[in-house]
Amino acid sequence: MSDVLIHFEDAVLTHTLNRAHKKNAFTQEMYVGLAQSLRDAQDRSEVRVVIIQAHETIFSAGNDIADFLSAEGFGLDSPVIDFLQTLASFQKPVIASVCGPAVGIGSSMLLHCDLVVAGDNAAFSLPFVNLGLCPEAASSLLLPQLMGYHRAAEALLLGEPFMAEAALEVGWVNKVVVPSEANMVAKAWALKLAAKPLEALIQTKALMKSPQALAVKAVIEQEAMVFARMLKEAPAQEAFSAFLEHRKPDFSKQRT
Ligand code: COA
């Protein structure tokens, strides 16, 4: 079965992350599938709204750490950057439904979704520094804008999770509900949006996004170049090996 289930109904294209045994960690194949599906959704006039969701206990553990360890395929032309740029420039409304942990790109991608509903068990974290890495998905630009510099520093430097209520308070999500209701709320919003004039939605979204669309694109690229370099360096390699070996990382012997 596919790691991303795609279902079209009532003008809504729903993507369900479906790699539960690895906590929905994103593989290169999943980025390729999601980016292609978004491009199709852009072109298909019958698709009016997109949903990205998962299960009641886990949204995503972020990028697959085994893929990180190989450090191949994270350049500007990589599937992950293609997915992020496609999502960031996607014209129709995108709704995310998030329950349980949303780690790394599982959290940062939400900055490019229009509406986010969270289960009260959601935990949003961007532990890039803990992994010897830097932010991605333009989170270094968008997070300080969203919540102010100091709260963003809490997320990006301390790398500790924001629980659902804290995420609601800073505007990272729109609504918090019990986990069993999150995907239903997403679908209800989607149906409301799908009943509205599509061109009015597209133009309104474009007007909100266009003032800094070029900056977002450029920051995604700038972050990707630093990220790709840091992936190969000793602190990141130690962090990935430690995760896969179920031990704490030891950064004490490293210069950087
Ligand atoms: N990449 C690859 N495999 C991952 C993964 C990831 N990002 N996250 C979890 N997994 C795998 C685990 O290795 C484990 O596999 P195994 O059963 O073959 O040993 C399985 O998924 C279950 O993970 P586990 O850690 O036991 O689940 P948990 O419920 O205790 O914790 C998380 C869930 C998401 C909190 C935890 O898995 C985690 O912190 N993952 C890493 C997140 C991360 O640092 N991502 C990179 C962000 S840039």
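Below 8 Å between Cα atoms, with a sequence gap of 6+, how large is the relative contact order for region 110-231 in percent? Let's see the in-between values first.
Working: 134 pairs, mean separation 46.9, N = 122.
Relative CO of region 110-231 lands at 38 percent.
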Under 16 Å by backbone N from the virtual spin label 7 Å along Cα-to-Cβ at residue 56, the residues of region 96-111 are 98-101
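Would you calculate, for the chain, the mean residue ellipticity at 222 nm contributed by helices, counting each DSSP H stretch of 4 or more residues as -39,500 (n - 2.57) and dividing by all residues, to the nearest 500? It would help to have the intermediate numbers written out before the result.
Working: 11 runs with 115 residues, N = 256.
Taken over the chain, the calculation gives -13500 deg cm²/dmol.
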Per the rule of 0.36 nm per residue minus the C-alpha distance, extending residue 2 to residue 77 adds in nm 24.6 nm
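With the cut-off at 1.5 for a/c, could you classify region 86-164 from its C-alpha gyration tensor as rounded, prolate or oblate? Please list the in-between numbers first.
Working: a/c = 1.72, a/b = 1.26, b/c = 1.37.
Because a/c hits 1.5 or more and a/b fails to exceed b/c, region 86-164 counts as oblate.
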Amide H contacts under 5 Å for residue 123, restricted to residues at least 5 apart in sequence or on another chain and with H modeled in the peptide plane, are 100, 102
The helix 213-231 Cα axis meets the longest alpha-carbon principal axis of the chain at an angle in degrees, between 0 and 90 and rounded to 10, of 30 degrees
Rounded to the nearest 10 degrees, the helix 28-43 long axis (Cα) sits at an angle to the longest Cα principal axis of the chain of 20 degrees
Expressed in angstrom and ordered largest first, the alpha-carbon extents of the chain along the principal axes are 59, 40, 37
Which of 23/192; 92/209; 23/205 exceed 22 Å between C-alpha atoms? The answer is 23/192; 23/205
Sorted largest first, the C-alpha extents of region 183-231 along its principal axes in whole angstrom are 45, 28, 10
Row for region 1-150, column shape: gyration tensor on C-alpha, a ≥ b ≥ c, rounded if a/c < 1.5 i.e. under 1.5, prolate if a/b over b/c, else oblate; value rounded
To the nearest 10 degrees, the tilt of helix 234-244 (Cα long axis) against the first principal axis of the alpha carbons of the chain is 70 degrees
Once amide hydrogens are built 1.01 Å from N within the peptide plane, the residues lying 5 or more places from residue 63 or on another chain with amide H under 5 Å from its amide H are 26, 105, 106
Kirkwood calc, region 142-243, C-alpha pairs only, radius in angstrom 17.3 Å
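Taking Cα pairs under 8 Å and at least six residues apart, what relative contact order does the chain come out at, in percent?
On the way: 490 pairs, mean separation 52.5, N = 256.
The value is 20 percent.
At 20 °C and 1.002 mPa s, what whole-number value in µm²/s does Stokes-Einstein give for the translational diffusion of region 44-114, with Rh from the Kirkwood sum over Cα pairs? Don't skip to the end; give the middle numbers.
Values: Rh = 13.4 Å.
Answer, rounded: 159 µm²/s.
Any read-out appearing in this document is the output of simple, stated calculations on the displayed coordinates, not a laboratory observation. Nothing here was measured: the structure is a model prediction, and the numbers come from that model. Please note: Cβ atoms are built from the backbone with ideal geometry, for glycine as well, and neighbour counts cover all protein chains shown.
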